[in-house]
1. What is the distance in Å between the Cα centroid of segment 405-440 and that of segment 123-170?
2. For the pair residue 261 and residue 204, what calculated FRET efficiency results from E = 1/(1 + (r/R0)^6), where r is the Cβ-Cβ distance and R0 = 35 Å, to the nearest 0.05?
3. In the set (i) 25.0; (ii) 22.6; (iii) 29.7, which value of mean projected area of the Cα convex hull in nm² was calculated from the structure you see?
4. Between residue 222 and residue 328, how many nm apart are label points set 7 Å from Cα along the C-beta direction?
5. Fewest to most neighbouring Cβ within 10 Å: what's the order for 323, 59?
6. Going by C-beta contacts inside 10 Å, put 224, 128, 230 in order with the fewest on the left.
7. Calculate for the chain the 222 nm mean residue ellipticity that helices alone would give, adding -39,500 (n - 2.57) per DSSP H run of length 4 or more and normalising by residue count, nearest 500 deg cm²/dmol.
8. Multiply the residue separation of residue 38 and residue 312 by 0.36 nm, subtract the distance between their alpha-carbon atoms, and state the gained length in nm to one decimal.
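Read-outs throughout are calculated quantities, based only on the coordinates presented, and are distinct from any laboratory measurement. Everything numeric in this text was worked out from a predicted model, so none of it was measured. Cβ coordinates were reconstructed from backbone atoms using ideal geometry, including for glycine residues, and neighbour counts include every protein chain displayed.
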């Protein structure tokens with residue numbers, strides 16, 4: 001139940017903060033502090049290493065010159081056997097701390113990117129005797145950048161510098177939980193709880209929470225299993241306006257966070273897509289068409305299905321009639337999957353590795369229609385083609401299709417229903433091919449924070 005108490009607290013602060021956004025303010029430009037940034041990059045590695053060595057007594061934390069030398073030699077590198085949750089969520093989360101050691105000390109997005117790669121490299125070489133794992137390096141670095149910029153933006157947005165009292169303290173604590181380094185640096189800089197006339201309202205943050213019931217089924221050649229109904233919480237975040245041109249990374253992004261009562265992880269769905277650059281294709285007054293390049297993070301782990309990946313997508317986004325009562329929006333695009341973790345029913349070893357590491361390409365298409373701000377429907381498709389680079393010799397095709405409908409009962413409350421399915425086809429050497437379908441359905445009550 002602790003996961004729900006924390007989630008409820010963050011929702012409360014989201015609600016308070018979202019109503020406190022005031023137009024016309026600007027974000028204060030912070031002075032760069034390289035020395036403190038480098039120190040924090042070292043500290044966020046020292047803490048988990050010290051825990052592993054002195055409290056857990058872990059063998060892999062007992063370093064020596066020989067292990068460091070071995071890890072510097074690419075011929076000794078080896079893809080590791082950690083669990084899906086560790087590799088696809090735990091490592092990107094730590095990469096987010098490496099990234100934010102510089103981002104929260106006044107450095108820009110691109111200036112902070114090397115910190116994620118540097119921190120990941122140092123850990124793989126000099127923080128454990130285990131062999132340097134290429135999958136950890138990629139997931140920690142790319143996932144850390146995506147999660148890091150998202151949490152940096154959100155934590156700043158939550159704190160209204162004009163607020164005081166209990167409301168302000170709740171905002172500061174929520175910002176600290178979402179981005180610990182940003183909270184620590186606010187304390188060090190004397191910003192925690194301090195009244196300022198400057199508030200970050202350069203980009204609007206919208207938050208939507210849904211509480212309801214869902215279930216996942218499994219269909220294969222041999223059997224069809226119906227999953228149990230379970231309670232779930234879903235938080236959708238929309239930051240900025242994706243139909244505005246920008247060269248600043250993550251000036252607009254979307255995030256989906258989901259928790260379910262029957263799942264084995266605190267967060268069983270975390271998907272982030274942040275625009276690196278958006279520029280105009282055509283704007284004729286009745287419609288806006290823009291190109292956008294996004295950086296994406298995916299972590300999906302529920303009772304039936306799991307997938308994780310780091311990817312980049314180029315897409316065309318269109319707002320066909322912005323001022324009409326009936327609005328249409330579409331997206332089409334394609335991209336590369338730098339590294340994806342695809343579940344493999346024939347693989348299980350080590351700490352619990354049951355997935356292949358793959359690279360590939362994807363295509364996507366999406367369409368939505370809003371009717372007089374009373375009804376909204378969405379259709380989403382994503383298809384991915386993978387080639388395994390570590391694991392069983394194989395290739396995969398993963399198709400994801402979903403449809404959602406929302407009826408707005410008031411300005412804040414809504415009813416929502418959604419259906420969809422993951423379809424996974426695996427082609428193996430030495431094993432039978434796999435064709436599995438994971439249909440799902442969900443029903444919920446929604447609230448706009």
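1. Here the answer is 29 Å between Cα centres.
2. Using R0 = 35 Å, I get an efficiency of 0.65.
3. (ii)
4. Once both label points are built, they end up 4.6 nm from each other.
5. Arranged by neighbour count, lowest to highest, 323, 59 become 323, 59.
6. Least to most surrounded, the residues fall as 224, 230, 128.
7. After summing the helix terms and dividing by the residues of the chain, the value is -8000 deg cm²/dmol.
8. Gain on stretching residue 38 to residue 312: 95.8 nm.
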